Amino acid sequence: PSEERESGLTVQEAKPKLRRPPLFKVLLLNDDYTPMEFVVQVLETFFAMNREKATQIMLHVHTRGRGVCGVYTKDIAETKVSEVNDFARSHQHPLMCTMEEA
Ligand code: TYC
């Protein structure tokens, strides 16, 4: 934007550059050992899904090998990955959560 002055001069102000932050997909990977019920619980607990949505995503990961749980800014995505992997490990399950730029 520019501001017209009484002098006839204008002051060029910087255009506010509103850049969107890069987004990251948080992914769940399939494995042969983590119980389906545990994966559903993870999706409900850490990704705020209802049972129906959590079951749908879990079955997608089970059949396709991987699936998106949500899309977040970098800090939030990193926190989700850590929380899920820590939770899985604390229950002795090999479930893997990772992230990649969207
Ligand atoms: N494949 C697992 C089983 O048959 C279930 C599973 C689904 C594991 C999704 C991990 O991210 C996963 N018990």
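The values are calculated or read from the model by the stated rules, or taken from the named source; none is laboratory data. Computed from a prediction, not measured in an experiment: that's the story for all the values here. Note that we place each Cβ from the backbone using ideal geometry, even for glycine, and neighbour counts take in every protein chain shown. Surface areas here come from the heavy atoms of the whole protein model, side chains and all, with no ligands, DNA or RNA. Shrake-Rupley method; radii C 1.70, N 1.55, O 1.52, S 1.80 Å.
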Practice prompt. Filter the stretch 30-65 down to residues that are near the ligand (Cβ under 8 Å from one of its atoms), open to solvent by 50 Å² or more (accessible area, probe 1.4 Å) and outside any helix (DSSP H, G or I) and give me whichever is nearest to residue 97 (Cα to Cα).
Written response: 30
Response to the item:
For residue 98, the lone unmet condition from (1) assigned to a strand (DSSP E or B); (2) within 10 Å of the ligand (Cβ to nearest atom) is (2)
Worksheet item: Quick one: is residue 93 within 14 Å of the ligand (Cβ to nearest atom) and touching a residue at least 40 places away in the same chain (Cβ under 8 Å)?
Response: yes
